[in-house]
Amino acid sequence: MNIFKGKWISNKVFSSTKIIQNPNQKNFSTKYQNQHILFRDYFEYNEKEKVVLRYCADDFADVFLNGIFIDQGPAISYPFHQRYKEIDITKFLRSGKNLISFHCYYQGLINRAYYSGDLRSGIIFDVIQNKKILCCSSEKTLCQKHSGFLISHIAGWIDEKSINYNTDFIENYDFNSNENEFDKLNFDDKYWKHAFVKEKIDYSFSKCEIKNLVYENIKPILIDSRRNIFDLKQEIVGYINIVIQGQKGQKIKIYYGEELNQDGSVRFIERCNCRYEETITLSGHKDSYQAFTYKAFRYVQIKSDSKFKLFEIKGIARHYPFVDKLQLKFKNPKLNKIYKLCANTIKYGVQDSFLDCPSREKGQYFGDGVYSSLTHLYLTKDSSLYKKFIDDAFSSSKIDKCLTAQGPCSYYQTIAEFPLIIIISLKYYFEMTHDYEFLKEQKNNVENLIKNYYKKYFNKKEKLISVYDRWNLVEWPQEARDDYDFNLPQNGITKGFHNVINAYWILSLQICLKLYKSTFGIDLNLIQKKYLENFYSQKNNSFVDTPHGKHVSLPSMVLGNLLNLKETKNSKKVLTKMIEEKRLNHSNLFITPLMFLFLKENKNYTLLNDLITKKNGWLNMIKEGGTTTFEAFSKDKKWNTSLLHTMFAFPILFMKK
């Protein structure tokens, strides 16, 4: 349904291109990548009533009113569930003539960050005052391609041997472009052309119910005056804003990094494989620079072969509105440090989605996102972004009936456990919110997912599931799997049966029974019985990795015990002893929070707090200079460690006064 009075507009190229449906690694276009397209329109305002802007853009857009930035959006969406935004713009208006302008971006890459590569691009908007349209997108709207952005390397590509995440184009900007300061009211647009209308669009619009992002100014500290190196004292997701002047045509290098090199320079080739090196070309006047797309960084270096004058520099951290309503304080100073680290991670890391790494991938992985979203909900008591997260996950069922691993995005990947973890999260959402209406809204989605898993992966002879065509993760990186005794190919067929995915399957069915009083026609008792026959050793009171196998690992023991089957109650002591011995040395992202959940459910807070405060865990991140949680307990634990990973803020879920 199209709720806009305006028309979908773009430039001539995108108004006539043939759209590619369901873009992915094998089905996309490399044409017209990294396109910055600008729009300007005017309207009159009489200062009497509230004015609302309703808009949508693809891939997304910056929005300006009278030269003032007011918003970026909407959140990345699938075209069959395309979100639009409505924002109150009254305070930005002036009496008389007003200018609204958009900086629309089409990236054209296949990655985890955007739904692109499909040749869809453009905007649609209405400016509304008391149901009256003051202005809307049409063939009268002015349009111009921005010539100031010069294509350089792709962030995430270091050399030909590295993994190419195709996340972003690095922005080299020329202030001498004709479109510089296009958003200003006094800008001369007489040579601009009119926009082209895309007559046939296939979007299904849905209002975006989340809040607008916050843009927080952070004053950096100059730590090296000779080399112009600045420290924000905080890892942020965002931008650097500078006002600078030099000679016309002078090149300025800007380096961003999460760390410093041993010689004190900025490590702009980050551990996570992003190369944050940009060049701007000065106009000879005072130039105000801020990159268009965000980065994850803490340090900045500004460099040139010639002299320049830096008038102003500030960091701009963008994040979802954050108020810590939990405000936990502990007698143990170690717990206070870790709480602060984790809360800071959620504050500065959460965007309009729960991104896995806001640097390397910028993707919302549904497995990781469960823990980020629940931690955010627990801290803020704000459920809006969790609801969007669940909506994003189930929306991916139109691409894959058993859901994708992340999204919305055009990179197609599936992971066996993640859809089941989504179902499991609903239990903990309900415990925090008692929001039964939202649970009811999700019932059909949950039922369809359970039935699709059953139809595709359930072996009726063995009464077990084998998710053969998806990556069975168990734990990541693979060194943290505690020698799990089953072959888990990352990009191949998974043959046979193993414990962890069957335990997740049973746990999701148990939660369906608890929340919906139904397992949707599936015999849970029989499945639990077969699980025990295959994966539980009565002799050793232990869960094994493979049917009737011998190897006992932490993943199998943790997942098996979380099922709370009465036949396995003696296994709890065995697992507790195993945790005491192995500590945090044999798990990482996905088993550690479940291990903590087991200890919390069994009220073993002494061991739980001991693990949280061990020096080789979160305290080690702080020791290594972290202001936000890493992707692993140490920078060196993973070959491409991100130093801002919101999932690893999960200890807050298990902290108790």
Checklist entry - When you go through 437, 431 one by one, which is the residue that is farther than 16 Å from residue 511 by Cβ, at pLDDT 95 or above and open to solvent by 70 Å² or more (accessible area, probe 1.4 Å)? => result 437
Checklist entry - Would you call residue 603 closer than 30 Å to residue 458 by Cβ, open to solvent by 10 Å² or more (accessible area, probe 1.4 Å) and of a type outside the set (S, T, N, Q)? => result no
Next on the checklist: Against the condition in contact with a His (Cβ under 9 Å, 6 or more places away or on another chain) and either over 30 Å from residue 250 (Cα atoms) or open to solvent by 30 Å² or more (accessible area, probe 1.4 Å) (or both), how does residue 320 come out, does it pass?
Outcome noted: yes
Checklist entry - Would it be correct to say that residue 479 is among the acidic types (Asp, Glu), open to solvent by 20 Å² or more (accessible area, probe 1.4 Å) and assigned to a helix (DSSP H, G or I)? => result yes
Item to check | Looking only at the range 378-393, and only at residues there that are more than 22 Å from residue 60 (Cα to Cα) and in contact (Cβ under 8 Å) with a residue 60 or more places away in the chain, the one that is surrounded by the most Cβ atoms within 10 Å (Cβ to Cβ) | outcome: 379
Checklist entry - Within the group 396, 425, which residue is at pLDDT 95 or above, open to solvent by less than 10 Å² (accessible area, probe 1.4 Å), out of contact with any Pro (no Cβ under 8 Å at 6 or more places or on another chain) and not β-branched (Val, Ile, Thr)? => result 425
Checklist entry - Name the residues in the range 53-68 that are of a type outside the set (Gly, Ala, Ser) and crowded, with 16+ Cβ neighbours inside 10 Å, would you? => result 53, 54, 55, 56, 58, 59, 60, 62, 63, 64, 65, 66
Checklist outcome for this item: Only one of 646, 628 is touching a strand residue (DSSP E or B) at 6+ places or on another chain (Cβ under 6 Å), within 30 Å of residue 361 (Cα to Cα) and surrounded by 21 or more Cβ atoms within 10 Å (Cβ to Cβ), namely 628
Checklist outcome for this item: Note: among 479, 447, 475, just one is among the charged types (D, E, K, R) and more than 30 Å from residue 583 (Cβ to Cβ), namely 447
Checklist entry - In the range 236-264, what count of residues is obtained for those that are within 22 Å of residue 635 (Cα to Cα), in a strand (DSSP E or B) and open to solvent by 10 Å² or more (accessible area, probe 1.4 Å)? => result 2
Next on the checklist: I need the helices (runs of 4 or more DSSP H) fully contained in the range 565-657, keeping only those with at least 1 residues that are out of contact with any Asp or Glu (no Cβ under 6 Å at 6 or more places or on another chain), modelled with pLDDT of 95 or more and among the hydroxyl-bearing types (Ser, Thr, Tyr).
Outcome noted: 571-582, 592-601, 605-612
Item to check | Matching residues in the range 270-280 - criterion: being open to solvent by 10 Å² or more (accessible area, probe 1.4 Å), more than 21 Å from the chain's Cα centre (by Cα) and not charged (D, E, K, R) | outcome: 279
Checklist entry - Looking at (1) open to solvent by 10 Å² or more (accessible area, probe 1.4 Å); (2) under 19 Å from residue 513 (Cα atoms), which is the one condition that is false for residue 449? => result (1)
Checklist entry - Within the range 289-314, can you find the residues that are more than 19 Å from residue 223 (Cα to Cα) and either surrounded by 13 or more Cβ atoms within 10 Å (Cβ to Cβ) or out of contact with any Gly (no Cβ under 8 Å at 6 or more places or on another chain) (or both)? => result 289, 290, 291, 292, 293, 294, 295, 296, 305
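For every residue, the table says whether it meets (1) over 23 Å from residue 115 (Cβ atoms); (2) in contact (Cβ under 8 Å) with a residue 12 or more places away in the chain; (3) in a helix (DSSP H, G or I).
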| position | (1), (2), (3) |
| --- | --- |
| 411 | no, yes, no |
| 419 | no, yes, yes |
| 428 | yes, yes, yes |
| 438 | yes, yes, yes |
| 442 | no, yes, yes |
| 446 | yes, yes, yes |
| 451 | yes, yes, yes |
| 455 | yes, no, yes |
| 473 | yes, yes, no |
Next on the checklist: When you check residue 461 against the structure, is it farther than 25 Å from residue 562 by Cα and open to solvent by 40 Å² or more (accessible area, probe 1.4 Å), yes or no?
Outcome noted: yes
Item to check | Subset of the range 135-146 that is part of a strand (DSSP E or B) and crowded, with 19+ Cβ neighbours inside 10 Å - its residue that is farthest from the chain's Cα centre (by Cα) | outcome: 135
Checklist entry - Looking only at the range 24-77, which residues are in a strand (DSSP E or B), of a type in the set (S, T, N, Q) and touching a strand residue (DSSP E or B) at 6+ places or on another chain (Cβ under 7 Å)? => result 35, 72
Item to check | One residue from 87, 151, 123, 100 being assigned to a strand (DSSP E or B), touching a strand residue (DSSP E or B) at 6+ places or on another chain (Cβ under 8 Å), modelled with pLDDT of 95 or more and surrounded by fewer than 22 Cβ atoms within 10 Å (Cβ to Cβ) | outcome: 87
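The values are calculated or read from the model by the stated rules, or taken from the named source; none is laboratory data. Note that the structure is a prediction, hence the values are computed from the model and not measured. Quick reminder, even Gly has a Cβ in these numbers, built from the backbone with ideal geometry, and neighbours come from all protein chains shown. Please note that ligands, DNA and RNA were not included when accessible areas were found on the heavy atoms of the full protein model with its side chains. Shrake-Rupley method; radii C 1.70, N 1.55, O 1.52, S 1.80 Å.
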